[in-house]
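The values are calculated or read from the model by the stated rules, or taken from the named source; none is laboratory data. This structure is a prediction, so every number in the text was calculated from the model and none was measured. Every residue, glycine among them, receives a Cβ derived from its backbone with ideal geometry; neighbour counts consider all protein chains shown.
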Amino acid sequence: MRIALFITCVNDLMFPGTGRAVVRVLERLGHTVEFPAEQTCCGQMHANSGYRAEAMPLVRRFVDAFAGYDAVVGPSGSCVAMVRDSYPHLAEGDPGLAAAVSAVAPRTYELSELLVDVLGVTDVGARFPYRVTYHPTCHGLRMLRLGDRPLALLRAVGGIDLADLPGAAECCGFGGTFAVKNAGVSGAMLADKCAAIAATGAQYVAAVDNSCLAHIGGGLSRGAGGGARPIHYAEILASEGAQ
Amino acid sequence: MNARDEILSRIRRALTAAPPATAAPATAAPAGAVSGAALVGAGAAGSGDVIALLADRLVDYKANVRHCPAGSVGSVVGELLAGATAVATPPDIPADWLSAWTGTVLRDGAPEPLTVARLDAPGVAALTGCAVAIAETGTLILDTGPVQGRRVLTLVPDHHICVVPASRVVAGVPAGFAALPDPSRPITLVSGPSATSDIELDRVEGVHGPRRLDVVIVVDAQ
Amino acid sequence: MTTVDRGSGHIVTPLPFPRYAARELGDAQLRTNLRRATHTIRDKRLRVVGEVPEWEALRWAGAATKDDALARLPALLEQFEAAATARGATVHWARDATEASAIVTDLVRSTGTTEVVKVKSMVTQEIRLNETLAEAGIAAVETDLAELIVQLADDAPSHILVPAIHYNRGQIRDIFRARMAGVDPDLGDAPAALAEAARRHLRAKFLTAKVGISGANFAIAETGTLVVVESEGNGRMCLTLPETLISVVGIEKLLPRFADLDVFLQLLPRSSTGERMNPYTSLWTGVTPGDGPQNVHIVLLDNGRTATLADPHGREALRCIRCSACLNVCPVYERVGGHAYGSVYPGPIGAIISPQLAGQDAGFNRSLPYASTLCGACFDACPVRIDIPRILVHLRQSGVDAKRGRPSAERTAMRALSFLMRDRRRYAAALRAARRGAAPLRLGRRRDTLRRLPWPLSAWTTSRDAPLPPGETFREWWSRERA
């Protein structure tokens, strides 16, 4: 099976460790991962902020870069949701692009979908002896409908102490450019999320999306959240012991 | 162009310029879901399960429920009317429902329609039947048909006693609507006494409609 | 591009959403009240929706019925008009808020009365009916408890279902004590006592009113029937006791058949008050001799609905049955309340329908589609499956497209980013530059975050730290290790 890594632009620059973790998990399971170097950005920020014309070249670029793979895996719920849910809408009225999108989008998976649904694995042989709480990000929860998959993977991690997050399904307040355009409301939502994290007594808060985690982490590093630190769940799945 | 013609032409223009998709992904329903009829409420009308469900749902919304055989409606109504100054009824009220009541009976339309002021007097209770009752939602449907009278009868008095024959109890909302003989009659759905959720979005009973609702379910003698 | 006729009235926000939001966020009591109320209703809704195993099928059925009605709207409106007229109602048509308010005002004037009782209705708020009646010397008495509270407080509604959601019981008691004529000066704050006070206050008005004014939740084309869904009995009073009844009905309220109510009377109460069924629902068809109002008028209103219908990517917003479930689950609404949206329609549905009805150029309506994180909770709660997040993005896009002629720093940045990301070499070089540019910021730091960024990114650091890029991008690592 040819698996392509869709790193996402935010992870490429800001969180390369998450990309390395995805590669490590898949290789540990005996798979080969390819990295199509032509990939850049999926265009989510542009499209969701209203810049459809600016997003379109990036949509075309994405479907070209990832054509021909059996599976495309991205460690980001919102970027994968952009490809799977929004690309078909954006391609309406352009039959050529629509065909290319319908070839690639259904084969684009968030990491937990690839592991659980396609590869049939929940125990990836990881060990992470810490107290962890899991925040199901909005796009993972309500667009991709990841459901229990990430938690099923985390539950199988050796030594992990998983704590339920109160009000888990509530948005953290990130929302892409919302965090800047409506910074006050975003901050109010963040404060409530950090308080919920603090109530779990967790050492780490895990999620499927580093952009939400950067926002949450930005609140946690100001002392909210009771000392919890943000971590992408792929890095937990890649871990083989103490950090 | 007058407003009517202009609005209709605006709509036609909107629909012609971009005709609605026949099966767009956003509106394509899964097989079997295009009609809500018969989706909900499968139990047999008048069955024990359905009666029990109706009573449960009525009580949950703070109505008082009594069960009795047909021969005892009069005595149960008499008990429920304790303390009332008068009972207002539709013209065709069965005589035996009032067999134990010795007080004043205000019969609407016999000969004159009852005035609002008369119905609003302290202690007046209303006694009616209903067209159909929906178990799943604890709903009584009044359609001004037999033994129900005008809408004002069950609105202005602060106490409503509704007699519901078991045979009129259906399981769900679709069966309730299907049982109504004439949709153009004034129809009132009553689910519990008057209530409001306007203070902190929590339900509290008792505003403008009748604050006391008694439901007498007439079950066949065993 | 054909022009469309936009609506007018109280559907235009006079200030940008973030400005109002900043004001509302400063009110700690408001936040506490909203949190308590929205969480109460969320739990109730989940409980009663959970009782219905066919819920998802009902949502699909509701959406399909509404779409079908919209696709056949001209024929259904004509059918409705004919059926209602045959039963003695008089049907009027109004292109916009001004025309509708004028029709209603003339009808009230012709009765000679100077006071009308009103059933709570969003559409009469939308067309500013009370203000127009007041200019004509006619007092409109709101009879819904929450509307009464807002009217007594001389405030604006902040929620579709519960316009006084921003007040708690203590505040409501204070408003009643200060503003309600003849109220018990020792009135307490128990909800039952407050409801009792409203009953006493309105009783005489109900029993003597000559004219009632309502909206309608549904209008049935097949039979000419109107439907009002309510709780307190104030609706029944207004619909039954006056001699004259005037109902203002948006043209999107049409349902083809009487039997379609099956689905909607299952969807609406559970979604709105979290009840299996609301206490009272009234249906009437024209005039019934000897029972209820003998002069029955219906005003069918466009006010931007046809403009909304003309947009194939946004028209599903017309499915809305005003249940307010989307408000109650919205994390943004929960923090700022309804006044922040500057329109009678707040929350997620307001963020789309205010700009759809009145246009994005009206006031600061263009700011409303950005009042969302696109978290998707509204779509999941919507009983008629309106994909609000998708329409929010669609409106952002059409709003941006409409302003392409004018300069904008944001667009310059978006264009530059898109340009960089269209080419692998430009993109890789930009990543390298960003990483190197950040490197000096790391010197001597023990943490990998920044507390303060320069404008315009300072908006990020007002409430959170910013992360710093590490020493190597992923693609640099890949080419070093794997390529």
Quiz item: How about segment C:1-44: which of its residues are within 19 Å of the chain's Cα centre (by Cα) and assigned to a loop (DSSP other than H, G, I, E, B)?
Solution: C:6, C:7, C:8, C:9, C:10, C:11, C:12, C:13, C:14, C:15, C:16
Quiz prompt | Given (1) within 28 Å of residue C:22 (Cβ to Cβ); (2) more than 8 Å from every other protein chain (Cβ to nearest Cβ); (3) buried (at least 24 other Cβ atoms within 10 Å of the Cβ), index of the condition residue C:339 fails | solution = (3)
Self-check item: Filtered residues of segment C:70-111 (kept if without any contact (Cβ under 8 Å) to a residue 24 or more places away in the chain and not hydrophobic (A, V, I, L, M, F, W, C))
Solution: C:74, C:78, C:99, C:106, C:110
Quiz item: Only one of (1) within 12 Å of residue A:165 (Cα to Cα); (2) facing another protein chain (nearest Cβ under 9 Å); (3) aliphatic (A, V, I, L, M) is not met by residue A:196, so which one is it?
Solution: (2)
Quiz item: Checking residue C:322 against (1) away from chain B (no Cβ under 11 Å); (2) over 30 Å from residue C:74 (Cβ atoms), which single condition isn't satisfied?
Solution: (2)
Exercise. Please identify the pairs in which a residue from segment C:255-266 that is touching a residue at least 12 places away in the same chain (Cβ under 8 Å) has its Cβ atom under 6 Å from the Cβ atom of a residue that is of a type in the set (Asp, Glu), counting only partners at least 6 apart or on another chain.
Key: C:257/C:222; C:258/C:222
Quiz item: Applying the selection to segment B:56-71, what residues are in a helix (DSSP H, G or I) and surrounded by fewer than 20 Cβ atoms within 10 Å (Cβ to Cβ)?
Solution: B:56, B:59, B:60, B:70, B:71
Quiz item: Which of the residues that make up segment B:199-222 are of a type outside the set (Lys, Arg), within 17 Å of the chain's Cα centre (by Cα), assigned to a loop (DSSP other than H, G, I, E, B) and more than 7 Å from chain C (Cβ to nearest Cβ)?
Solution: B:210
Practice problem: Could you check how many residues of segment A:169-187 are surrounded by fewer than 19 Cβ atoms within 10 Å (Cβ to Cβ) and closer than 15 Å to residue C:330 by Cβ? | Solution: 1
Practice problem: Please work out which residue is farthest from residue C:329 (Cα to Cα), limiting yourself to segment C:9-49 and to residues that are of a type in the set (Asp, Glu) and surrounded by 15 or more Cβ atoms within 10 Å (Cβ to Cβ). | Solution: C:27
Practice problem: Could you tell me which residue of segment A:1-26 is surrounded by the fewest Cβ atoms within 10 Å (Cβ to Cβ), considering only residues that are under 21 Å from residue C:420 (Cα atoms) and β-branched (Val, Ile, Thr)? | Solution: A:10
Self-check item: Tally, over segment A:219-242, of residues that are farther than 12 Å from residue A:203 by Cα and in contact (Cβ under 8 Å) with a residue 24 or more places away in the chain
Solution: 13
Exercise. Considering only segment C:373-454, give the helices (runs of 4 or more DSSP H) lying wholly within it that have at least 2 residues that are farther than 28 Å from residue A:184 by Cβ.
Key: C:409-421, C:424-442
Exercise. Report yes if some residue within segment C:72-83 is outside any helix (DSSP H, G or I) and at pLDDT below 95; otherwise report no.
Key: no
Quiz item: Any idea how many residues of segment C:358-378 are among the aromatic types (Phe, Trp, Tyr) and at the interface with chain A (Cβ under 7 Å from one of its Cβ atoms)?
Solution: 1
Quiz item: For residues in segment A:36-55 being touching a helix residue (DSSP H, G or I) at 6+ places or on another chain (Cβ under 7 Å) and surrounded by fewer than 19 Cβ atoms within 10 Å (Cβ to Cβ), which is nearest to residue C:394 (Cα to Cα)?
Solution: A:38
Practice problem: Among the numbered conditions (1) within 12 Å of chain C (Cβ to nearest Cβ); (2) under 30 Å from residue C:199 (Cα atoms); (3) crowded, with 22+ Cβ neighbours inside 10 Å, tell me where residue B:185 comes up short. | Solution: (3)
Practice problem: Counting only residues that are in contact with a Cys (Cβ under 8 Å, 6 or more places away or on another chain) and buried (at least 22 other Cβ atoms within 10 Å of the Cβ), give me the strands (runs of 3 or more DSSP E) lying completely in segment C:181-233 with at least 3 of them. | Solution: C:211-214
Quiz item: Does residue B:163 qualify as being at the interface with another protein chain (Cβ under 7 Å from one of its Cβ atoms), farther than 30 Å from residue C:171 by Cα and not hydroxyl-bearing (Ser, Thr, Tyr)?
Solution: no
Quiz item: Has segment B:174-196 got at least one residue that is assigned to a strand (DSSP E or B) and not β-branched (Val, Ile, Thr)?
Solution: yes
Exercise. Give the residue, chosen from C:357, C:283, that is over 30 Å from residue B:139 (Cβ atoms) and either charged (D, E, K, R) or outside any loop (DSSP other than H, G, I, E, B) (or both).
Key: C:357
Quiz item: Of everything in segment C:276-293 that's more than 7 Å from chain B (Cβ to nearest Cβ) and touching a residue at least 60 places away in the same chain (Cβ under 8 Å), which residue is farthest from residue B:115 (Cα to Cα)?
Solution: C:286
Practice problem: Check whether at least one residue in segment A:212-225 is away from chain C (no Cβ under 12 Å) and β-branched (Val, Ile, Thr), and report yes or no. | Solution: no
Practice problem: Take segment B:110-128 and flag every residue that is touching a residue at least 40 places away in the same chain (Cβ under 8 Å) and within 14 Å of chain C (Cβ to nearest Cβ). | Solution: B:116, B:124, B:126
Quiz item: Is there a residue in segment A:110-125 that is in a loop (DSSP other than H, G, I, E, B), buried (at least 23 other Cβ atoms within 10 Å of the Cβ) and not assigned by TED's automatic domain parsing to the domain that holds residue A:21?
Solution: no
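To keep it simple, each residue is scored yes or no on (1) closer than 25 Å to residue A:23 by Cβ; (2) more than 7 Å from chain A (Cβ to nearest Cβ); (3) touching a Lys or Arg at 6+ places or on another chain (Cβ under 6 Å); (4) of a type in the set (Val, Ile, Thr).
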{"residue": "C:394", "(1), (2), (3), (4)": "no, yes, no, no"}
{"residue": "C:413", "(1), (2), (3), (4)": "no, yes, no, no"}
{"residue": "C:422", "(1), (2), (3), (4)": "no, no, no, no"}
{"residue": "C:450", "(1), (2), (3), (4)": "no, yes, no, no"}
{"residue": "C:459", "(1), (2), (3), (4)": "no, no, no, no"}
{"residue": "C:483", "(1), (2), (3), (4)": "yes, yes, no, no"}
Self-check item: Residue in segment C:240-253 that is farthest from residue B:61 (Cα to Cα), counting only those that are surrounded by 24 or more Cβ atoms within 10 Å (Cβ to Cβ) and within 8 Å of chain B (Cβ to nearest Cβ)
Solution: C:251
Quiz item: Which condition number does residue C:256 fail, the rest of (1) surrounded by fewer than 24 Cβ atoms within 10 Å (Cβ to Cβ); (2) farther than 18 Å from residue C:67 by Cα being met?
Solution: (2)
Quiz prompt | Lone unmet requirement of (1) at the interface with another protein chain (Cβ under 9 Å from one of its Cβ atoms); (2) surrounded by fewer than 24 Cβ atoms within 10 Å (Cβ to Cβ) for residue C:237 | solution = (2)
